[in-house]
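Values quoted throughout were computed directly from the atomic coordinates according to the rules given, and no laboratory measurement underlies them. Keep in mind that this is a model prediction, so the values were computed, not measured. Cβ coordinates were reconstructed from backbone atoms using ideal geometry, including for glycine residues, and neighbour counts include every protein chain displayed.
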């Protein structure tokens, strides 16, 4: 076996750690505070109220409401303007990382694990956050840009539930040979918890470990 083949085999066997972001790695929601930075508090509240009042109830109401909210807040805005706001927001989110989760993140990194952020939140600020944390991969909802402006449309499906697992698998190039860890909170990440060998629910107060053989 050549040296390059050996390195590729070693890389393929690295354990993988997948972190949900909102309410897991960080305290609270990340999207609404970001949109408030973009449009201001009062316009955001007014737009959010209209969107919630006019979005029909159903199994996909959350994604439908999110799509309409993004269209009305980001549509037509220059990418350079939004990117500047997003970088500031990423710095804010870094300060919102839970200390206990940050310690776990750093421990996994020292073990040489492949670190993945996986979230339904937006690429425009999650990728800068991933850079600040030293993430190997960022899997999230990507926004569409045309001619240097945001259209307000999602360029990928909303990265939630089974879609998140499919996107993580695609980013990893298939099922990894090493152990897969997942840090999550909430019912939406049930598919991710079922996919991982080590599932660690993050409550409001502390980490709770659940290990499945």
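Couple of notes before you dig in:
- Net length gained if the chain between residue 102 and residue 162 were fully extended (0.36 nm per residue, minus Cα distance): 19.0 nm
- Label-point separation, residue 131 to residue 42 (7 Å along Cα→Cβ), nm: 3.5 nm
- Relative contact order (%) - the chain, alpha-carbon pairs under 8 angstrom, separation at least six: 26 percent
- Among 135-143, 27-35, the order from most to least packed when residues are scored by Cβ within 10 Å on average: 135-143, 27-35
- With Cα atoms, 0 to 90° folded angle of helix 99-110 axis to the chain main axis: 40 degrees
- GNM remark for the chain: springs join alpha carbons under 10 Å apart, and the peak mean-square fluctuation among 158, 22, 131 falls on 131.
- Rounded to 10°, Cα long-axis angle of helix 61-74 versus longest principal axis of the chain: 70 degrees
- CD proxy at 222 nm, helix term only [per DSSP H run n ≥ 4: -39500 (n - 2.57); per residue of the chain; nearest 500]: -15000 deg cm²/dmol
- Note on residue 29 and residue 80: the extension gain reaches 16.0 nm, defined as 0.36 nm multiplied by sequence separation minus the Cα-Cα distance.
- Relative to the 2.2 N^0.38 Å rule of thumb, the chain has a C-alpha radius of gyration ratio of 1.07.
- Where both bridge residues fall in segment 3-211, DSSP classifies roughly 30% of the beta bridges as antiparallel.
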